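Asker: Once you've had a glance at the structure underneath, I'll fire off some questions.
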């Protein structure tokens, strides 16, 4: 029998110029992040993880679940990643999260975060959920982060719904922590058969739910979840600061689907680069704000193109017009900690935006436009964005 997990690790290593021995697979990317933060807390004790509010709640759940405290710093308007000049790191800083929102890379900013983390003795954890197989690099082309987390989940680069991959750098300064991470990730239990069956049935159940009115849809989803036959992309408990399920391996079925999908990643990236090129050209001088890193240099293969309008009214108008044109757009990340959490205080957030002016401004009217479109479609969607910005 083919070992799809081994072949998937090898494929990720080939794409990234790394070793398969440094890649580990999980049922979901957030499980890999949880393992990393749990080992960090176990070996270095309680402390803070510096991250951003302009993100999904599932990117912060592992921090909270591991017993660490999320502390939110402001982002750079250029990259949507943390601004290295505003981190405020100190003795309690255990890790810094470098998030490539939408798949945006900014080499200078990425390197500045590496240097800031090193100066504080903190781990640099790279969130590559939106850019599977791509890693930030140092000046010599080597992977920059200590830990890099990749996703095959819902609404990511590939048409898969489950699966995560974690790269653990062999150059990590703390050899004891690296050994602990490798040991924990390499000894995850196999996936529960019930959970694997839920993963296999996800696509068909989503189709059923999407054809039901809101009330019956909620009731049916709750029944499925209660008996373990449906595993939502974001569960209710994952809007309460927890991570659903214990970390585990993905299993043969999930790994084989991810491996098959990965073979089409080059074509996906080429399609998205063409769309981004057209978006940037069409939106020039229209008043629509794009992150500077998107416009600089060769086009990046973005998951979605983030545009930032002045307020939620304009954002909702653009979302409606894009959907009316037959495309799927989302308001990532409004609300912050998307799609919203039950108790912000459990995420270490009191609702105040003092010291986070860029985050506050960008969260007023964001729209994430699709990048899996043709240049002509990108041109049409850019016109809708320009109209909404007026």
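Asker: In region 164-173, is there at least one residue being more than 30 Å from residue 88 (Cβ to Cβ) and not in a loop (DSSP other than H, G, I, E, B)?
Answerer: Checked region 164-173: at least one residue is more than 30 Å from residue 88 (Cβ to Cβ) and not in a loop (DSSP other than H, G, I, E, B).
Asker: For residue 238, are the conditions met, namely being buried (at least 18 other Cβ atoms within 10 Å of the Cβ) and either touching a residue at least 12 places away in the same chain (Cβ under 8 Å) or touching a helix residue (DSSP H, G or I) at 6+ places or on another chain (Cβ under 6 Å) (or both)? Break it down stepwise before answering.
Answerer: Numbers: buried (at least 18 other Cβ atoms within 10 Å of the Cβ): yes; either touching a residue at least 12 places away in the same chain (Cβ under 8 Å) or touching a helix residue (DSSP H, G or I) at 6+ places or on another chain (Cβ under 6 Å) (or both): yes.
The answer is yes for residue 238.
Asker: Can residue 283 be described as buried (at least 18 other Cβ atoms within 10 Å of the Cβ) and either in the same structural domain as residue 78 (by TED's automatic domain parsing) or within 21 Å of the chain's Cα centre (by Cα) (or both)? Step through it out loud before you land on a result.
Answerer: Numbers: buried (at least 18 other Cβ atoms within 10 Å of the Cβ): yes; either in the same structural domain as residue 78 (by TED's automatic domain parsing) or within 21 Å of the chain's Cα centre (by Cα) (or both): no.
Spelling it out, it is not the case that residue 283 is buried (at least 18 other Cβ atoms within 10 Å of the Cβ) and either in the same structural domain as residue 78 (by TED's automatic domain parsing) or within 21 Å of the chain's Cα centre (by Cα) (or both).
Asker: Hey, another quick one. I'd like the residue in region 356-390 that is modelled with pLDDT of 95 or more and part of a loop (DSSP other than H, G, I, E, B) and, out of all such residues, is farthest from the chain's Cα centre (by Cα).
Answerer: The residue in question is 374.
Asker: Still on this structure: State all residues of region 176-201 that are outside any loop (DSSP other than H, G, I, E, B) and free of Cβ contacts under 8 Å to residues at least 40 places away in the same chain; if no residue qualifies, say none.
Answerer: Keep residues of region 176-201 that are outside any loop (DSSP other than H, G, I, E, B), which gives 176-186, 193-200.
Hits for region 176-201 are 178, 179, 183, 193, 194, 197, 198.
Asker: Let me ask something else. Take residue 204 and tell me if it is within 18 Å of residue 262 (Cα to Cα), out of contact with any helix residue (DSSP H, G or I) (no Cβ under 7 Å at 6 or more places or on another chain) and not in a loop (DSSP other than H, G, I, E, B).
Answerer: On the way: within 18 Å of residue 262 (Cα to Cα): no; out of contact with any helix residue (DSSP H, G or I) (no Cβ under 7 Å at 6 or more places or on another chain): yes; not in a loop (DSSP other than H, G, I, E, B): yes.
Against the criterion (within 18 Å of residue 262 (Cα to Cα), out of contact with any helix residue (DSSP H, G or I) (no Cβ under 7 Å at 6 or more places or on another chain) and not in a loop (DSSP other than H, G, I, E, B)), residue 204 does not qualify.
Asker: Here's a check for you: in region 200-217, which residue that is more than 15 Å from residue 233 (Cβ to Cβ) and surrounded by 10 or more Cβ atoms within 10 Å (Cβ to Cβ) is farthest from the chain's Cα centre (by Cα)?
Answerer: 216
Asker: Could you grab me the full set of residues in region 331-353 that are part of a helix (DSSP H, G or I) and within 12 Å of residue 61 (Cα to Cα)?
Answerer: Pass one, region 331-353, residues part of a helix (DSSP H, G or I): 344-347.
If the condition is that a residue be part of a helix (DSSP H, G or I) and within 12 Å of residue 61 (Cα to Cα), then 344, 346, 347 are the ones that fit.
Asker: Please indicate, with yes or no, whether at least one residue in region 146-161 is surrounded by fewer than 15 Cβ atoms within 10 Å (Cβ to Cβ) and over 28 Å from residue 305 (Cβ atoms).
Answerer: no
Asker: Kindly provide the set of residues from region 347-376 that are surrounded by 14 or more Cβ atoms within 10 Å (Cβ to Cβ) and more than 22 Å from residue 76 (Cβ to Cβ), ordered by number. Before the answer, list the steps.
Answerer: Just the residues of region 347-376 that are surrounded by 14 or more Cβ atoms within 10 Å (Cβ to Cβ), to begin with: 347-349, 353, 356, 358-373, 375.
If the condition is that a residue be surrounded by 14 or more Cβ atoms within 10 Å (Cβ to Cβ) and more than 22 Å from residue 76 (Cβ to Cβ), then 370, 372, 373, 375 are the ones that fit.
Asker: Sticking with this structure for a sec: Looking at this structure, is residue 269 closer than 30 Å to residue 199 by Cα, touching a residue at least 24 places away in the same chain (Cβ under 8 Å) and not assigned by TED's automatic domain parsing to the domain that holds residue 372? Talk me through it step by step, then tell me what you get.
Answerer: Numbers: closer than 30 Å to residue 199 by Cα: yes; touching a residue at least 24 places away in the same chain (Cβ under 8 Å): yes; not assigned by TED's automatic domain parsing to the domain that holds residue 372: no.
For residue 269, the condition - closer than 30 Å to residue 199 by Cα, touching a residue at least 24 places away in the same chain (Cβ under 8 Å) and not assigned by TED's automatic domain parsing to the domain that holds residue 372 - is not met.
Asker: Taking region 275-307 on its own, how many of its residues are on the phi > 0 side of the Ramachandran plot and either in a helix (DSSP H, G or I) or in contact with a helix residue (DSSP H, G or I) (Cβ under 7 Å, 6 or more places away or on another chain) (or both)? Let's see the steps before the verdict.
Answerer: If we filter region 275-307 for residues that are on the phi > 0 side of the Ramachandran plot, which is where we start, we get 285, 287, 297.
Filter once more, keeping what is either in a helix (DSSP H, G or I) or in contact with a helix residue (DSSP H, G or I) (Cβ under 7 Å, 6 or more places away or on another chain) (or both): 287.
Counting residues in region 275-307 that are on the phi > 0 side of the Ramachandran plot and either in a helix (DSSP H, G or I) or in contact with a helix residue (DSSP H, G or I) (Cβ under 7 Å, 6 or more places away or on another chain) (or both) gives 1.
Asker: I've got another one for you. Return only the number of the condition from (1) within 26 Å of residue 366 (Cβ to Cβ); (2) outside the structural domain of residue 342 (by TED's automatic domain parsing); (3) surrounded by 16 or more Cβ atoms within 10 Å (Cβ to Cβ) that residue 249 does not satisfy.
Answerer: Evaluating residue 249 over (1) within 26 Å of residue 366 (Cβ to Cβ); (2) outside the structural domain of residue 342 (by TED's automatic domain parsing); (3) surrounded by 16 or more Cβ atoms within 10 Å (Cβ to Cβ) leaves (1) as the failure.
Asker: Also: For residue 310, indicate whether it is under 23 Å from residue 374 (Cα atoms), in contact with a helix residue (DSSP H, G or I) (Cβ under 8 Å, 6 or more places away or on another chain) and assigned by TED's automatic domain parsing to the domain that holds residue 374.
Answerer: Values: under 23 Å from residue 374 (Cα atoms): no; in contact with a helix residue (DSSP H, G or I) (Cβ under 8 Å, 6 or more places away or on another chain): yes; assigned by TED's automatic domain parsing to the domain that holds residue 374: yes.
No; evaluated as a whole, the condition is false for this residue.
The values are calculated or read from the model by the stated rules, or taken from the named source; none is laboratory data. Please read these numbers as outputs of a predicted model, since none were measured by experiment. Cβ atoms come from the backbone with ideal geometry, glycine included; neighbour counts cover every protein chain shown.
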